[in-house]
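Here the structure comes first, spelled out in structure tokens, and everything after it is commentary.
Every number in this text was worked out from the coordinates using simple rules, so none of it is lab data. All values reported here derive from a predicted model rather than from experimental measurement. For neighbour counting, all protein chains shown are included, and Cβ atoms are generated from backbone atoms with ideal geometry for every residue, glycine included.
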Amino acid sequence: MLEIRDLSITLQTARGPKKVVQHVDFQIPTGTTLGIVGESGSGKTMLCYAILQLFRESRHYGGDILLEGRSLLGMDEQQLRGLRGNDVACILQNPMAMFNPIITIGEHMIETVQAHRSLSKKQALHIATEQLAFFQLTDSRLLKKYPHELSGGMLQRVMIAMAMSLRPKLLLADEPTTALDTMTQLKVLEELSHCQQQYQTTMLIVSHDLGVIARMADQIVVMRRGKIMEYGPAERLLQNPVHSYTKALVAAKRKDDQLEKLVDSWSGDTNGILYELDTNYWVRQEESRC
Ligand SMILES: Nc1ncnc2c1ncn2[C@@H]1O[C@H](COP(=O)(O)OP(=O)(O)OP(=O)(O)O)[C@@H](O)[C@H]1O
């Protein structure tokens, strides 16, 4: 279980402190997926960095982040190194950035497994091969290839397989399929979902694309300018959105519009309080509702 409790993040910038996330609360029960959707600048990446406790020296945190009851904000660097990779893994939009161009895929996989678990090369290779098979990568020649020899879809699959080979308790997926064409995206999401169910991994998936979130998430958080606008079970939020921003987001998805177009057309603000509409369903109050 991941619990984000009243989390606020203030960034130290050259122009002074900047609030980038404000009073965010959500929980992800073990083995389930929570999707965060929001336009550019809504604080999605800041939340992921906070969970990984990256760049912590330039941030001030309020609230808490608990993974299986352990506060991540209270951990020292050594504890955090143990946490990253073992308990929390992440996959990113651009897989190329994760690979060393002069190291083969096989070496990457073996090194990743051996860096976190004391296993022989043979055992690590076995895990790597098993994991790649989850993502339909069964050709043994793949292990001898270099990253640039693989298509974007294959490289993305290898990156996800690498992250999952560590059997993390929590997987953070920040725009995991944005760079892929629609058909490859669907296949990769399906494989990821299958792998997640098999290992009962808790997952936080972040995307601009409500379609991706709708496909994967059990719960959805809609964010804007560092605040939650609406938060609840995925099916209900998608079928009966309450906040006008979520309504516009869902309508834009139906018309297959880009999120950025919606940003221009939605003119509300984010100042109202967040209130519980009913059990486990939260909505930000709008001016017209007062
Ligand atoms: N290095 C930085 N210095 C100053 N402000 C920053 C910095 N990085 C991010 N921000 C600000 O923090 C806020 C949240 O940004 P964040 O990157 O988390 O948004 P996001 O939702 O992930 O956007 P995107 O979808 O474009 O990645 C934004 O207002 C952004 O301008």
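The slack in the chain from residue 45 to residue 276, taken as 0.36 nm per residue of separation less the alpha-carbon distance, amounts to 80.6 nm.
Which translational diffusion coefficient, to the nearest whole µm²/s, is obtained for the range 120-169 from the Stokes-Einstein equation, given a Kirkwood hydrodynamic radius over C-alpha pairs, 25 °C and 0.890 mPa s? Translational D for this selection: 219 µm²/s. Angle between the Cα long axis of helix 121-134 and the longest principal axis of the chain, 0 to 90 degrees, nearest 10? Once rounded, one gets 50 degrees.
Computed from Cα atoms alone, the Kirkwood hydrodynamic radius reported for the range 50-138 is 15.4 Å. Annotation: amide H-H contacts under 5 Å for residue 43 (H modelled 1.01 Å from N, sequence separation of 5 or more, or interchain): 226. Seen against the Cα atoms of the chain and their longest principal axis, helix 244-254 is set at about 50 degrees. Rounding to the nearest 10 and keeping the result within 0 to 90°, find how far the Cα-based axis of helix 105-116 lies from the longest principal axis of the chain. Around 70 degrees separate the two axes.
Placing unit charges on the Cβ atoms only, positive for Lys and Arg and negative for Asp and Glu, gives the chain a dipole magnitude near 460 debye about its Cα centre. By other beta-carbon atoms within 10 Å, ranking 113, 24, 37, 250 with the fewest at the front produces 250, 113, 24, 37. Charging the Cβ of each Asp and Glu at -1 and of each Lys and Arg at +1, and nothing else, the dipole of the range 1-155 about its Cα centre rounds to 320 debye.
Beta-bridge orientation, the chain: approximately 60 percent antiparallel, per DSSP, counting only bridges with both partners inside.
Projecting the Cα atoms of 74, 88, 55 onto the dipole axis of the range 47-91, where Lys and Arg carry +1 and Asp and Glu carry -1 at the beta carbon, places 55 farthest toward the positive end. For the chain, the 222 nm mean residue ellipticity estimated from helices alone, with every DSSP H stretch of n ≥ 4 adding -39500 (n - 2.57) and the total spread over all residues, rounds to -11000 deg cm²/dmol.
At the listed q of 0.10, 0.11 Å⁻¹, the Debye profile of the range 134-281, built from one uniform point per Cα, gives log10 I(q)/I(0) equal to -0.43, -0.51.
Farthest toward the positive end of the dipole of the chain, out of 46, 154, 178, is the Cα of 154, where the dipole comes from beta carbon charges about the Cα centre. Shown here: the chain, whose C-alpha atoms stretch 65, 44, 39 Å along the first, second and third principal axes, sorted largest to smallest.
Considering only 1, 280, 239, the residue lying farthest towards the positive end of the dipole of the chain is 1, judged by Cα position with unit charges set on Cβ.
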